[in-house]
Each structure stands twice: as C-alpha cells, then as structure tokens.
Amino acid sequence: MQCERVNTGKGSKMDGFLNLKMMKVPGFADWSQVLETDCRQQHLECCSCIAYAYDTGISCMSWTGSLIDAQEFSTARVDLYIRVAYSDLGEFFYLSTSTQPD
C-alpha cells in the first residue's frame, strides 16, 4: 500500500477504505473522541491505521494490528472500513458494482 499521497501528472493517488456493512467490529480497538465526519480523515492520514469504524454510542474506533473477531451480521451493526491500496480501489469498486453474466 502507498499510505502517503503519490502525485502523478493526472492528480494524486492515495489509499482508501473498503466499506464492510453491518459488522461486529474486531476487539482491541483504540478510541478517539472525534466527530463522525472527522473520523475517516483522521484515519486516512494515519498510515498505521488498517481499519476504522464509527458508532454513535462509542465514537471513533481504529485498529493498527490484527482484525480479530470481525463478523458480518444480517441485522444493523456498524460499518467497518478496511484500508486498501489505491491500486486496488478500482478493482473493489468494479467487483462491488458489476453484475454477473447469466
């Protein structure tokens, strides 16, 4: 992954986050008291952050180590954002928006 911004002649490229919906977040989180709108930016700029989530009852959570015990649920939970390399963002977007041929 390229955590720092990379300038090309066509603009800048940087890592992003893949959104996993309705997740039970992993254990061993670090917490910070920031607004939901600031949570993403704070962790995008932190190269050691591999994932983050925001829950109104808990606030902003982040992970720098292993994502232990993360699970997907069928009922409402929180969104978990996992850092992915810029070069993979298009692939994940394509896979999440493409339809399979019949």
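Results, tabulated for the structure shown:
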{"read-out": "Residues whose placed amide H lies under 5 Å from that of V84, excluding near-sequence neighbours", "value": "G16, F17, L18"}
{"read-out": "Vicinal HN-Hα couplings computed from phi for the stretch 18-27 (Karplus, 6.51 cos²θ - 1.76 cosθ + 1.60; Hz; Gly/Pro x)", "value": "8, 8, 9, 8, 6, 10, 8, 6, x, x"}
{"read-out": "Formal net charge of residues neighbouring S32 (Cβ-Cβ distance under 15 Å; K, R +1; D, E -1)", "value": "-4"}
{"read-out": "Debye log10 I(q)/I(0) at q = 0.15, 0.24, 0.30 Å⁻¹ for the stretch 20-74, Cα point scatterers", "value": "-0.39, -0.98, -1.33"}
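No value in this document is a laboratory result; all are computed from the given coordinates. Model, not experiment: these values are computed from the prediction. Backbone-built Cβ (ideal geometry, glycine too); neighbour counts: all protein chains shown.
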